Amino acid sequence: MIKRMLIALPAALLIACGTDSAPPDPASTTTTTTTTITTTAPTTTTTTTAAVTTTTAAKFEAADGRDLRACADGTCEVIVRTGDSLPDASGTGPKTIQVKGGVVTLSQTSSSGFASSIGGPAGSVQQTNNQVYRIVLIRGTEAVLQLSLA
């Protein structure tokens, strides 16, 4: 009877450890922790090891928060949303932001009517004149955007 319980206990413990079949968030980090369970009987010791995976979403924050005016000098890290207007340090006028389908687009129309746009997915780096735009992270209709001067 005791031997049957010792054999059935590790199997029951492994069955109780389920797995999450949902795909991980692309902006996530994964940490694997090993848990050891030891069962002791008067004459037998059984050790069962199971891996447990925990997914933690990357922090969605920026050094300048939502203060888009911080970008007026050409250097900032801000959270932008669809419809925001981002100041442009080069003097060519503000850029309008659109965040949709995992892509950030910055559009601009000059006073002469010339329209231009740049953008891309998270991790993209674009440069126009001496202004560098880095798309750090995208979440729904918001993105973390870094601006620097080349």
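Expressed in nm to one decimal, what extension gain is obtained for the pair S90 and E61 from 0.36 nm per residue of sequence separation less their Cα-Cα distance?
Residue separation times 0.36 nm, minus the Cα-Cα distance, leaves 7.9 nm.
In nm, what is the difference between 0.36 nm times the number of residues separating T128 and T109 and their Cα-Cα distance?
Details: separation 19, 0.36 × 19 = 6.84 nm, distance 1.40 nm.
Gain in length upon complete extension: 5.4 nm.
Over all directions, what mean area does the Cα convex hull of region 90-150 project, stated in square nanometres?
So the Cα hull casts an average projection of 4.0 nm².
Taken together, the values in this text are just the output of simple stated rules run on the coordinates, not laboratory data. Here the structure is a predicted model, which means the values were calculated and not measured.
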